[in-house]
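To start, the structure under review is shown below, and the notes come after it.
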Amino acid sequence: MARDADNRAQFRPDGHDGDHFLLTTVVGSYPKPKWLNRARDLSEDPDAKFDDDDLAEAHDDAARLITREHERAGLDTVVDGEMRREEMVEYFAERIPGYEFNGPVKVWGHNYFDKPSVVSEVEYDEPWLLEEFEFTADVASKPVKVPITGPYTLARWSFNEAYEDEAALAYDLADLVNREIEGLVDAGARYIQIDEPALATTPDDHAIVGESLERIVDGISEDVRIGLHVCYGDYSRIYPEINDFPIDEFDVELCNDGYQQIETFQEPDFEPDLGLGVVDVHEAKVEPVAEIKRNIKQGLKVVPPEKLTVSPDCGVKLLPREIAYQKIENLVTAAREIEGELDAGKLDVAPPQV
């Protein structure tokens, strides 16, 4: 079941006016500065005088820039925009003994994915995200959220050449994720997001995800906020089962289809906090504040304000950078205005859940 932990208040900014607080955040990825892509190209050019140290400096500069850009937009919790990551499976597979790469496979159109293979039992060698988190936390004045690709997606989006089935692989990977989170928590992390987009394509495997999450949170303090992000798909095929997941927050992509599925989460009562996408990451148009406020109110049909988190639908990395920034800035403005209307008693909200 949902962890029902009281770990939300720690993300409320000091001096936040008003009684109500809607937690604002982002899912993770953000457009990379064009010069960072150029730096990566130079690092791969044997004729360029640009080495790994130069690329590491470029990554640091970009992470510093985007973290502060998130803070400038007013977000309550920030990430570095995943400036060091190119693809959500490859990045982790490169760091997990037991994986190997054999070249890209075509996924759709002219797009290719360097799909890894699991060729032996997966192991935990060195921390995956510790340096990234410590750098971002040192730069940021706001709490830092850490997105991690979940074990089911890591298993499902790989070739399995070593395990009896994907479930067994996912469970071993979940144990590794648990070890990674333990190290991040020791370093001060208090907000972890597990990304499981593969669940949307194979929703009947929700029990595998549930068991993986049980392993992930084993021994993790309830002071640490655990979120699960699942984008797109037919949520009726995993609800109300997600109420049994040991998470604090379930983050969904609903803005893109106009909230046609919002009623899915109204019966039975939604148990974790709701992380609601309120700007569309597939549309390079900046939603006005008034529109985003209407989107936020969709979430208030499901949970009371004290259980609502607002974010973009998904990562915004494919948008033009200025568009991404304006969407996030308007998202924050809309959330603050909704808080004011709630304080003034101008909005009807879902009754508190027992």
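The values are calculated or read from the model by the stated rules, or taken from the named source; none is laboratory data. Just so it is clear, the model here is predicted, and its values are computed rather than measured. Here Cβ is always computed from backbone atoms with ideal geometry, including for glycine, and neighbour counts include all displayed protein chains. Areas reflect the complete protein model, heavy atoms only, side chains present, ligands, DNA and RNA absent. Shrake-Rupley method; radii C 1.70, N 1.55, O 1.52, S 1.80 Å.
What to note about this one:
- In a residue-by-residue description of segment 180-196, the property of being outside any helix (DSSP H, G or I) and among the β-branched types (Val, Ile, Thr) applies to at least one position.
- Test: residue in segment 103-110 that is open to solvent by less than 60 Å² (accessible area, probe 1.4 Å), at pLDDT 95 or above and at negative phi: no
- Residues in segment 150-179 that are of a type outside the set (Phe, Trp, Tyr), in a loop (DSSP other than H, G, I, E, B) and in contact (Cβ under 8 Å) with a residue 60 or more places away in the chain: GLY150, SER158, ALA162.
- Pairs, first polar (S, T, N, Q) in segment 125-144, second not in a loop (DSSP other than H, G, I, E, B), C-beta under 7 Å, six or more apart: THR136/ALA63; THR136/THR67; THR136/VAL144; SER141/GLU71
- Qualifying position, being hydrophobic (A, V, I, L, M, F, W, C), in contact with a helix residue (DSSP H, G or I) (Cβ under 7 Å, 6 or more places away or on another chain) and in contact (Cβ under 8 Å) with a residue 12 or more places away in the chain, among VAL281, VAL303, VAL289: VAL289
- Yes/no for GLU132 being part of a loop (DSSP other than H, G, I, E, B), open to solvent by 10 Å² or more (accessible area, probe 1.4 Å) and within 25 Å of VAL209 (Cβ to Cβ): no
- Qualifying residues in segment 193-237 (those that are aliphatic (A, V, I, L, M) and over 17 Å from the mean Cα position of the chain (by Cα)) - the one surrounded by the fewest Cβ atoms within 10 Å (Cβ to Cβ): ALA207
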